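For reference, the structure is listed below as structure tokens.
The values are calculated or read from the model by the stated rules, or taken from the named source; none is laboratory data. Please read all numbers here as calculations on a predicted model, not as lab measurements. No Cβ is skipped: glycine too gets one built from the backbone with ideal geometry, and neighbour counts run over all protein chains shown. Keep in mind that these areas ignore ligands, DNA and RNA; they rest on the heavy atoms of the full protein, side chains included. Shrake-Rupley method; radii C 1.70, N 1.55, O 1.52, S 1.80 Å.
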Amino acid sequence: MIWQKTIARSLNITGVGLHSGRPVSMSIHPAAANQGLKFIRTDLPDRPQVRAHFTRVVDTTRATTLAEGEATLATVEHLLSAFYGLGIDNAIVEVDGPEIPIMDGSAKPFVDLLMQADSSSLPWPRTYLVVHKTIEVSNGDGWMRVVPGQPRIMYAINFPHPLIRRQRYSVPLDSDHFRREIAPARTFGFLKEVQYLQSQGLARGGSLDNALVLDDSNVLNPGGLRFPEEFVRHKILDALGDLALLGLPILGRLEVSRGSHDLHQQFIQQLIHQEKAWRLWVPPLHNRTLRRTSQSPPLWQGAPA
Ligand SMILES: [Zn+2]
């Protein structure tokens, strides 16, 4: 894809906050090129902004939480995964509470919503981060790396549960594969853990409608699993949501074993610091014409950097 994308019109969605259990309303609006993905907390005075950027990450326990000034926003990763997976670079998300609604625990409701609006090309080229040397980070049992190659992600997990154990999944990084194979995979939790969290006043909105819940041997959701390896597919969903915080797509082969939100963020830090292992690349623009017109001049006509 040459051009940056946004959505063609505004969209609304409502749901429940996983931790608060309260209703959350969200509206997503088109944004200009180079704006990136931004959140606005409409429930706070002066409607503060929180940018979807790795420098704004303040917590990675169980979910990814962003903050800017006093404004925080939790559980951003499934929505960000939908943006990253569909290749939407710029959008403004207004939300009337401290967490993004959990919906069904996957990115599918967000993908379905974003697909309703179509995407719109902006008159500015995308910049890609092209990896030409392996970058790796490890943390206890887990590791994450990117190696030069076609855009793809492989993820492996190992949980001592009869329904999970070792799962491995690998998928090309493109919007069709994302929509079909990754977006519908739901988050998962263990019954004991959910009971503990609820005793601590957390996960109040958590139910079988928004997560796969496992007891010692089975999945408690009446409908069962959407895919045999739904667990590891969801880990890919989470990783892509966290990688969206880099602000530009990675061209390389990603591999993760026993990852977490924390490991995904450590990987981004490592990537940023290893400047010699990658370069920024803008696809060649000659002989390309813009499909949709707009007021701003394209980059090669001398627009400001
Ligand atoms: Zn998740």
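Values for this structure:
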quantity	calculated
Condition check for residue 118: free of Cβ contacts under 8 Å to residues at least 60 places away in the same chain, surrounded by fewer than 19 Cβ atoms within 10 Å (Cβ to Cβ) and under 30 Å from residue 15 (Cβ atoms)	no
Selection status of residue 145, open to solvent by 20 Å² or more (accessible area, probe 1.4 Å), among the charged types (D, E, K, R), farther than 27 Å from residue 89 by Cα and out of contact with any Lys or Arg (no Cβ under 8 Å at 6 or more places or on another chain)	no
Any hit, the stretch 212-228, residues being more than 16 Å from the ligand (Cβ to nearest atom) and assigned to a helix (DSSP H, G or I)	no
Residues (among the small types (Gly, Ala, Ser) and within 19 Å of residue 15 (Cα to Cα)) located in the stretch 82-115	82, 97, 105, 106, 107
Any hit, the stretch 168-177, residues being surrounded by 13 or more Cβ atoms within 10 Å (Cβ to Cβ), at pLDDT 95 or above and within 14 Å of the ligand (Cβ to nearest atom)	no
Residue 94 over 23 Å from residue 259 (Cα atoms), free of Cβ contacts under 8 Å to residues at least 60 places away in the same chain and buried (at least 18 other Cβ atoms within 10 Å of the Cβ)	no
Some residue of the stretch 63-76 being over 24 Å from residue 197 (Cα atoms) and surrounded by 20 or more Cβ atoms within 10 Å (Cβ to Cβ)	no
Failed condition for residue 145, given (1) touching an Asp or Glu at 6+ places or on another chain (Cβ under 7 Å); (2) over 30 Å from residue 228 (Cβ atoms); (3) among the basic types (Lys, Arg)	(2)
Complete set of residues in the stretch 45-62 that are open to solvent by 20 Å² or more (accessible area, probe 1.4 Å) and within 16 Å of the ligand (Cβ to nearest atom)	57, 59, 60, 61, 62
Unique residue being more than 16 Å from the ligand (Cβ to nearest atom) and either in contact (Cβ under 8 Å) with a residue 12 or more places away in the chain or more than 11 Å from the chain's Cα centre (by Cα) (or both) when the list is 271, 263	271
Of all residues in the stretch 35-44 being surrounded by fewer than 16 Cβ atoms within 10 Å (Cβ to Cβ) and not aliphatic (A, V, I, L, M), the one that is farthest from residue 94 (Cα to Cα)	43
The stretch 1-27 residues that are within 26 Å of residue 200 (Cβ to Cβ) and open to solvent by 10 Å² or more (accessible area, probe 1.4 Å), paired with ones that are polar (S, T, N, Q) and not in a strand (DSSP E or B) (beta carbon under 8 Å, 6 or more apart)	16/210; 18/75; 18/210; 19/75
Filtered residue count, the stretch 184-211, keeping only those that are without any contact (Cβ under 8 Å) to a residue 24 or more places away in the chain and in a helix (DSSP H, G or I)	8
Of all residues making up the stretch 149-161, the number that are over 21 Å from the mean Cα position of the chain (by Cα) and over 14 Å from residue 173 (Cβ atoms)	4
So residue 85, is it assigned to a loop (DSSP other than H, G, I, E, B) and either open to solvent by 40 Å² or more (accessible area, probe 1.4 Å) or under 24 Å from residue 235 (Cβ atoms) (or both)	no
Tally of residues being of a type in the set (A, V, I, L, M), away from the ligand (no atom under 11 Å from the Cβ) and in contact with a helix residue (DSSP H, G or I) (Cβ under 9 Å, 6 or more places away or on another chain) across the stretch 230-260	7
